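Since the structure comes first, as structure tokens, the remarks are kept for the end.
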Amino acid sequence: MIVIDDILTSNLDFEDTYVAIGNFDGVHYGHKKLIRETVRKSKKNSKMSVVFTFANHPMEVLHKDRKFNHINTNEEKLYLLEALGVDCVVLQNLNNHFLEYSPSEFIEILKNKLKVKEIFVGFNFSFGKGGLGKISDLKNLAKLYNIDVTEVEPVMIDNQVVSSSLIRKKIMESDFEGAIKFLGHPMLVIGEVVHGRKIARQLGFPTANININNRLFPPFGIYGAYLQIGNKDSELLYGAVNIGCNPTLKAGEISLEVHILDFDKDIYGKKIYIQIVKFMRKERKFNSVDELKSTIAADVNRWKEHKREMKYGSPIEIR
């Protein structure tokens, strides 16, 4: 999959591309419907499918003091898009200059740089300076350049429109299972294994530590997960994940630690792909280290039992 970080400076030569446009944070069910239609149409016409998305959120540019927690990092977003069969992703970095483009100027960029044949957007799409351009404006402007526009209807689950904002809300309200249901795939975390304080190893349960800064993470607790080390095509392993503050041992320090079942190798500095699929229990403070050790052992054994029933497999199943 080709990745372009700035469409304005790209010299790649395109011809009659089929382009899906959106933020695509989480790459949820609604996004997949839109992207799959883009990929299907491009393959039908033996052309290239392109996803035009953004490396950062407009609010991060306009309000630098605000913190915006993405469901996925950009690396995770690219992983999910590649799994859907996308040929090329424009991961455009937004700045004040780019946000000043009018709707007509934005369409000119797509036509001149990507030679777009058809644009695919969601029902609530807006574009151009201040988001003033709506789908009706897109269709009118596209006609001037002989570009087709396909508007994809929203996806409904449990009588609710699937959206990134709804998924963020479910995560923040500790509805992990609901968030996964609306995503349509396991919660994905990709990161580098870093050195921790090695306290878990002293307890008999060595863990791989991953930084989870600048992103939305699940409610604090213990989770069951699938994982791969080094690359996404490596051996499928299983792990018990702790996300939280470790109130018994490391008060106030947010971390993600995964105890990999039946595994004891040095993987510091290696990339790890974690698919979090099962909420096990909430994080809590223990009265003693012995109580903590016995509870961790119980968590690991319970995940071993649960994993036999899970429907997700390797590689990550993008449904």
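The values are calculated or read from the model by the stated rules, or taken from the named source; none is laboratory data. The structure presented is a predicted model; accordingly, all values stated were derived computationally and were not measured. Glycine also receives a Cβ, built like all others from the backbone with ideal geometry; neighbour counts cover every protein chain displayed. Side chains included, ligands, DNA and RNA excluded: accessible areas come from the protein's heavy atoms. Shrake-Rupley method; radii C 1.70, N 1.55, O 1.52, S 1.80 Å.
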Query raised in the report: Within the stretch 289-298, is even one residue modelled with pLDDT under 70 and among the acidic types (Asp, Glu)?
Result: yes
Query raised in the report: Scanning the stretch 1-33 for residues that are over 27 Å from residue 155 (Cβ atoms) and touching a helix residue (DSSP H, G or I) at 6+ places or on another chain (Cβ under 8 Å), which turns out surrounded by the most Cβ atoms within 10 Å (Cβ to Cβ)?
Result: 7
Report summary line: Exactly one of 159, 124, 140 is open to solvent by 70 Å² or more (accessible area, probe 1.4 Å) and under 24 Å from residue 40 (Cα atoms), and that one is 124
**Report entry** All positions within the stretch 162-178 that are out of contact with any strand residue (DSSP E or B) (no Cβ under 7 Å at 6 or more places or on another chain), open to solvent by less than 60 Å² (accessible area, probe 1.4 Å) and part of a helix (DSSP H, G or I)
**Finding:** 164, 167, 168, 170, 171, 178
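Taking the condition free of Cβ contacts under 8 Å to residues at least 24 places away in the same chain and either surrounded by 13 or more Cβ atoms within 10 Å (Cβ to Cβ) or of a type in the set (Phe, Trp, Tyr) (or both), does residue 148 pass? Walk me through it before giving the result.
Values: free of Cβ contacts under 8 Å to residues at least 24 places away in the same chain: no; either surrounded by 13 or more Cβ atoms within 10 Å (Cβ to Cβ) or of a type in the set (Phe, Trp, Tyr) (or both): yes.
No; evaluated as a whole, the condition is false for this residue.
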Query raised in the report: Taking only pairs six or more apart or across chains, which ones have beta-carbon atoms under 7 Å, a first residue in the stretch 43-58 that is in contact (Cβ under 8 Å) with a residue 12 or more places away in the chain and open to solvent by 40 Å² or more (accessible area, probe 1.4 Å), and a second residue that is of a type in the set (Val, Ile, Thr) and in a strand (DSSP E or B)?
Result: 47/17; 48/17
Query raised in the report: Which ones in the stretch 89-117 are open to solvent by 10 Å² or more (accessible area, probe 1.4 Å), in contact (Cβ under 8 Å) with a residue 60 or more places away in the chain and not in a helix (DSSP H, G or I)?
Result: 91, 93, 115, 117
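From the set of residues in the stretch 269-285 that are part of a loop (DSSP other than H, G, I, E, B) and open to solvent by 80 Å² or more (accessible area, probe 1.4 Å), which is modelled with the highest pLDDT?
Among them, the one singled out is 270.
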Requested in this report: Keeping to the stretch 127-142, report how many residues are under 29 Å from the mean Cα position of the chain (by Cα) and either under 15 Å from residue 52 (Cβ atoms) or in a strand (DSSP E or B) (or both).
Outcome: 4
Report summary line: Checked 27, 86, 50, 61 against criteria (among the β-branched types (Val, Ile, Thr) and in a strand (DSSP E or B)); the one match is 50
Query raised in the report: Quick check: anything in the stretch 66-73 open to solvent by 60 Å² or more (accessible area, probe 1.4 Å) and more than 17 Å from the chain's Cα centre (by Cα)?
Result: yes
